[in-house]
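Chemist: Below you'll find the structure I mean.
The values are calculated or read from the model by the stated rules, or taken from the named source; none is laboratory data. A quick note: this is a predicted structure, and the numbers were derived from the prediction, not measured. Note: ideal-geometry Cβ built from the backbone for every residue, glycine included; neighbour counts use all protein chains shown.
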Amino acid sequence: MEKNLSRDDKLRSKRSRGAVGFHKFALNYKPKQKKPYCFVEGEDNKYYLPRLIMICKTEPEFIRCNGKKGVIEAFQKIQKYNEYEEDSLLFFVDSDFDAPINNENIYETPCYSIENLYTSPRVFERILKSEFSLDETDTDFTNAMSFFNDKQNEFHDVIALLNAWIFSYKKYIDRTGEIIKLRLNELSFKEHLVAVSLEGITCKYNLEDIEKMLNIPNKVSNAEIMSNYQVINSNPNRGEIFRGKFELEFFRILLNKVVEDSNKKGGRRIFLNKKKVSLPLDANILTVLSSYAETPECLFEYIEKQWKKHPTPSAPTTSTA
């Protein structure tokens with residue numbers, strides 16, 4: 001391990017490649033303050049915050065690292081200094097379609113990303129019970145769950161090919177080292193990919209258009225893409241392994257339509273009974289639905305391990321003599 005980090009080291013780290021997260025941490029670090037320092041890719045703190053408070057019973061400090069690579073590089077850099085050995089440092093990344101990191105000090109989601117933890121049938125069930133005041137004996141509950149499961153399966157059928165394309169290019173990039181920016185955030189879900197209605201799910205894309213739109217060179221054969229498509233589309237847990245941002249946007253749109261149907265005075269397609277529901281999802285869905293999202297057991301285990309490995313120092317005893 002290297003010597004303690006000087007102020008000059010901290011300032012120089014700002015200029016070094018891939019040190020954004022480490023620089024933020026170094027400037028905000030308070031020695032001997034017992035708190036969890038949590039390195040995240042971006043807005044993931046909205047999911048992790050209540051779960052950390054539940055276990056640590058104190059407010060965590062979040063450091064946004066501008067992506068998965070930034071979290072990993074911050075972890076690698078922080079290992080060089082011994083002044084942080086007694087602190088609770090937690091590193092959170094999405095698994096994506098990447099090879100596992102396999103480092104016990106870095107938490108990888110057991111699904112594609114944290115967004116997938118918001119979109120399972122169990123999450124929808126919790127929302128029906130809490131926001132719609134339904135229970136499992138209600139016909140409206142049964143109808144809504146059946147509707148959701150059917151529409152989510154339809155969506156997975158539609159979006160599977162695009163996931164196979166993404167998976168194929170990720171593997172090509174890993175295999176060849178060629179730099180190709182997929183720029184998936186430039187795709188508009190509603191405009192380019194999928195139309196969602198109560199009647200059904202409609203595919204709006206083809207792979208040739210996607211490659212042209214994102215200016216992606218044709219490097220992967222159709223045969224390889226279709227081979228990967230067969231593999232991932234046959235997975236019984238498609239909602240866990242497919243790209244989380246697509247899953248969450250579909251969930252948001254469909255849930256909004258379910259709310260609209262419940263609020264209608266007449267002509268409802270899902271619910272027999274009108275029920276006034278207010279559930280604003282457009283602004284900040286990661287925060288609004290955080291309490292309903294899944295919490296994997298491996299996440300609790302990781303937080304407890306990282307938090308408890310550095311026990312809080314005992315309070316000094318006072319002499320009564």
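Chemist: Of a type in the set (Ser, Thr, Tyr), modelled with pLDDT of 95 or more and surrounded by 14 or more Cβ atoms within 10 Å (Cβ to Cβ), is that true of Tyr84?
Modeler: Details: of a type in the set (Ser, Thr, Tyr): yes; modelled with pLDDT of 95 or more: no; surrounded by 14 or more Cβ atoms within 10 Å (Cβ to Cβ): yes.
No: the conditions fail for Tyr84.
Chemist: Report yes if Lys190 is under 23 Å from the mean Cα position of the chain (by Cα), touching a residue at least 24 places away in the same chain (Cβ under 8 Å) and surrounded by fewer than 19 Cβ atoms within 10 Å (Cβ to Cβ), otherwise no. Write out each step before concluding.
Modeler: Numbers: under 23 Å from the mean Cα position of the chain (by Cα): yes; touching a residue at least 24 places away in the same chain (Cβ under 8 Å): yes; surrounded by fewer than 19 Cβ atoms within 10 Å (Cβ to Cβ): yes.
Judged against the criteria, Lys190 is a match.
To keep it simple, each residue is scored yes or no on (1) in the same structural domain as Asn237 (by TED's automatic domain parsing); (2) in a helix (DSSP H, G or I); (3) of a type in the set (D, E, K, R); (4) surrounded by fewer than 18 Cβ atoms within 10 Å (Cβ to Cβ).
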{"site": "Arg122", "(1), (2), (3), (4)": "yes, yes, yes, yes"}
{"site": "Arg126", "(1), (2), (3), (4)": "yes, yes, yes, yes"}
{"site": "Lys129", "(1), (2), (3), (4)": "yes, yes, yes, yes"}
{"site": "Asn143", "(1), (2), (3), (4)": "yes, yes, no, yes"}
{"site": "Phe147", "(1), (2), (3), (4)": "yes, yes, no, no"}
{"site": "Asn163", "(1), (2), (3), (4)": "yes, yes, no, no"}
{"site": "Ile166", "(1), (2), (3), (4)": "yes, yes, no, no"}
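Chemist: When you go through (1) within 24 Å of Arg183 (Cβ to Cβ); (2) β-branched (Val, Ile, Thr); (3) at pLDDT 95 or above one by one for Val20, which number turns out not to apply?
Modeler: Result: Val20 fails condition (3) only.
Chemist: Go over the candidates Leu89, Leu134 one by one and state the one that is of a type outside the set (Val, Ile, Thr), farther than 22 Å from Gly21 by Cα and touching a helix residue (DSSP H, G or I) at 6+ places or on another chain (Cβ under 8 Å). Before you say what the answer is, go through the steps one by one.
Modeler: Numbers: Leu89 fails: farther than 22 Å from Gly21 by Cα.
Only one candidate passes the filter, namely Leu134.
Chemist: Of the residues that sit in region 17-42 and are surrounded by 15 or more Cβ atoms within 10 Å (Cβ to Cβ) and aliphatic (A, V, I, L, M), which one is nearest to Lys308 (Cα to Cα)?
Modeler: Filtering region 17-42 for residues that are surrounded by 15 or more Cβ atoms within 10 Å (Cβ to Cβ) and aliphatic (A, V, I, L, M), the one nearest to Lys308 (Cα to Cα) comes out as Val40.
Chemist: Hey, any hits in region 68-83 for a residue that's under 30 Å from Val277 (Cβ atoms) and in contact with an Asp or Glu (Cβ under 8 Å, 6 or more places away or on another chain)?
Modeler: Keep residues of region 68-83 that are under 30 Å from Val277 (Cβ atoms), which gives none.
No, there is no match, as no residue in region 68-83 is under 30 Å from Val277 (Cβ atoms) and in contact with an Asp or Glu (Cβ under 8 Å, 6 or more places away or on another chain).
Chemist: Glu104: more than 18 Å from Phe242 (Cβ to Cβ), over 15 Å from the mean Cα position of the chain (by Cα) and at pLDDT 95 or above, yes or no?
Modeler: Details: more than 18 Å from Phe242 (Cβ to Cβ): yes; over 15 Å from the mean Cα position of the chain (by Cα): yes; at pLDDT 95 or above: yes.
Considered against the rule, which asks whether it is more than 18 Å from Phe242 (Cβ to Cβ), over 15 Å from the mean Cα position of the chain (by Cα) and at pLDDT 95 or above, Glu104 comes out as yes.
Here's the yes/no breakdown for (1) at pLDDT 95 or above; (2) more than 15 Å from the chain's Cα centre (by Cα); (3) among the β-branched types (Val, Ile, Thr):
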{"residue": "Val220", "(1), (2), (3)": "yes, yes, yes"}
{"residue": "Ala223", "(1), (2), (3)": "yes, yes, no"}
{"residue": "Asn233", "(1), (2), (3)": "yes, yes, no"}
{"residue": "Asn237", "(1), (2), (3)": "yes, yes, no"}
{"residue": "Lys245", "(1), (2), (3)": "yes, no, no"}
{"residue": "Leu248", "(1), (2), (3)": "yes, no, no"}
{"residue": "Arg252", "(1), (2), (3)": "yes, no, no"}
{"residue": "Arg268", "(1), (2), (3)": "yes, yes, no"}
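Chemist: Okay, next question. Considering only residues that are out of contact with any strand residue (DSSP E or B) (no Cβ under 8 Å at 6 or more places or on another chain) and closer than 16 Å to Asn149 by Cβ, which ones fall in region 234-260?
Modeler: Pro236, Asn237, Arg238, Gly239, Glu240, Phe242, Glu247, Phe251, Leu255, Val258
Chemist: Looking only at region 263-282, how many residues end up being surrounded by 10 or more Cβ atoms within 10 Å (Cβ to Cβ) and under 18 Å from Ile253 (Cα atoms)?
Modeler: 10
Chemist: For the list (1) part of a helix (DSSP H, G or I); (2) within 26 Å of Lys32 (Cβ to Cβ), I need the number of the one condition that Gly70 fails.
Modeler: In the conditions (1) part of a helix (DSSP H, G or I); (2) within 26 Å of Lys32 (Cβ to Cβ), Gly70 misses (2) alone.
Chemist: May I ask you to list the residues in region 169-185 that are assigned to a helix (DSSP H, G or I), within 21 Å of the chain's Cα centre (by Cα) and surrounded by 11 or more Cβ atoms within 10 Å (Cβ to Cβ)?
Modeler: Restricting attention to region 169-185, the residues satisfying the condition of being assigned to a helix (DSSP H, G or I) are 169-176, 184-185.
Those left that are additionally within 21 Å of the chain's Cα centre (by Cα): 169-171, 184-185.
Listed by number, the residues that qualify are Tyr169, Lys170, Lys171, Leu184.
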